[in-house]
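Everything on this sheet refers to the single structure shown next.
The values are calculated or read from the model by the stated rules, or taken from the named source; none is laboratory data. Note that the structure is predicted; figures quoted are calculated from it, not measured. All Cβ positions, glycine included, derive from the backbone under ideal geometry; neighbour counts span all protein chains shown. Heavy atoms of the whole protein, side chains included, go into the accessibility calculation; ligands, DNA and RNA do not. Shrake-Rupley method; radii C 1.70, N 1.55, O 1.52, S 1.80 Å.
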Amino acid sequence: MCGIAGVLGHSNNQSLSQVIGNMTTTLYHRGPDDEGMWVDSNSIIALGHRRLSILDLSQEGHQPMLSEDGRYVMVFNGEVYNHQALRNELESTRTFNWRGHSDTEVMLAMISSWGVEQAVSKFTGMFAIAVWDCSEKKLHLVRDRIGEKPLYYGWCDGTFVFGSELKALTKYPGFSN
């Protein structure tokens, strides 16, 4: 199942690590196998993830995951069914230093190779994705075509917040109904 959460434009006195940690704690039931966070305080962004290990049970599937070139950071909930075919397609163009066998890693390699929009157009599955472009300082939120995986988002006190469940957003300081 997994769960994702994020904050962009944080200006509260509370540390970003503490904020994203509180948000992802509410998603424990979605991913009891692993948790992770990535914080870039210079860009005022944090991404958090709760993992339910299904495809790649190793630590190589840990999220948030950085692309091989370090440009993109991604958290992801769902499954891309055609990731093996996409991996083969990527390998036909150049050599990759794969860490593991997760669909997340394949998705990041595609995004690095072809850009977010073109890569996502090739994904077949059910997913909610947050991708931070470290070079352009731009956040991309993407859902599958049918919208099977949940992704809630909004503004709290001038800060953009998102998560797999509304209760993750309620943990942002300054949230009000």
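Of note:
- For the stretch 31-139, with +1 on Lys and Arg beta carbons and -1 on Asp and Glu, the positive-most of ASN42, ASN82, GLY31 along the dipole: ASN42
- Neighbourhood net charge (12 Å Cβ-Cβ; Lys/Arg +1, Asp/Glu -1) for SER113: 0
- For the chain, the convex hull drawn through the C-alpha positions has a volume of 104 cubic angstrom per residue.
- When the chain is treated as a GNM with alpha-carbon contacts under 10 Å, the residue of GLY115, GLY21, GLY78 showing the greatest mean-square fluctuation is GLY115.
- Classification of the stretch 78-151 by its C-alpha gyration tensor yields an oblate form. The axis ratio a/c (a ≥ b ≥ c) is 1.5 or more, and b/c is at least a/b.
- Think of a 1.4 Å ball rolled over the protein heavy atoms: the chain then has 47 Å² of accessible area per residue.
- Among SER67, SER92, SER17, residue whose mean-square fluctuation peaks in a GNM of the chain (springs only between Cα atoms under 10 Å): SER92
- Spin-label pair TYR152-THR25: with each label point 7 Å from Cα along the Cα-Cβ axis, the two points sit 1.8 nm from one another.
- Unit charges on C-beta of K, R, D, E only; dipole of the stretch 114-153, Debye: 40
- With the biggest extent put first, the Cα atoms of the stretch 17-112 measure 42, 31, 17 Å across the principal axes.
- Note on the chain: with a GNM built from Cα contacts shorter than 10 Å, the maximum mean-square fluctuation among ARG30, ARG94, ARG50 falls on ARG94.
- Normalised contact order of the chain, rounded percent, pairs of Cα under 8 Å and 6 or more residues apart: 25
- Between helix 103-114 and the chain: long-axis angle, C-alpha atoms, 0 to 90°, nearest 10: 80
- The lysines whose alpha-carbon is closer than 24 Å to the alpha-carbon of LYS167, local same-chain residues fewer than 8 away aside, are LYS149.
- For trypsin sites (Lys or Arg not before Pro), the sites in the stretch 112-160 that DSSP calls loop and that have at most 16 other Cβ atoms within 10 Å are LYS122, LYS137, ARG145.
- Computed about its Cα centre, the charge dipole of the chain is approximately 360 debye, with only Lys, Arg, Asp and Glu carrying charge at their Cβ.
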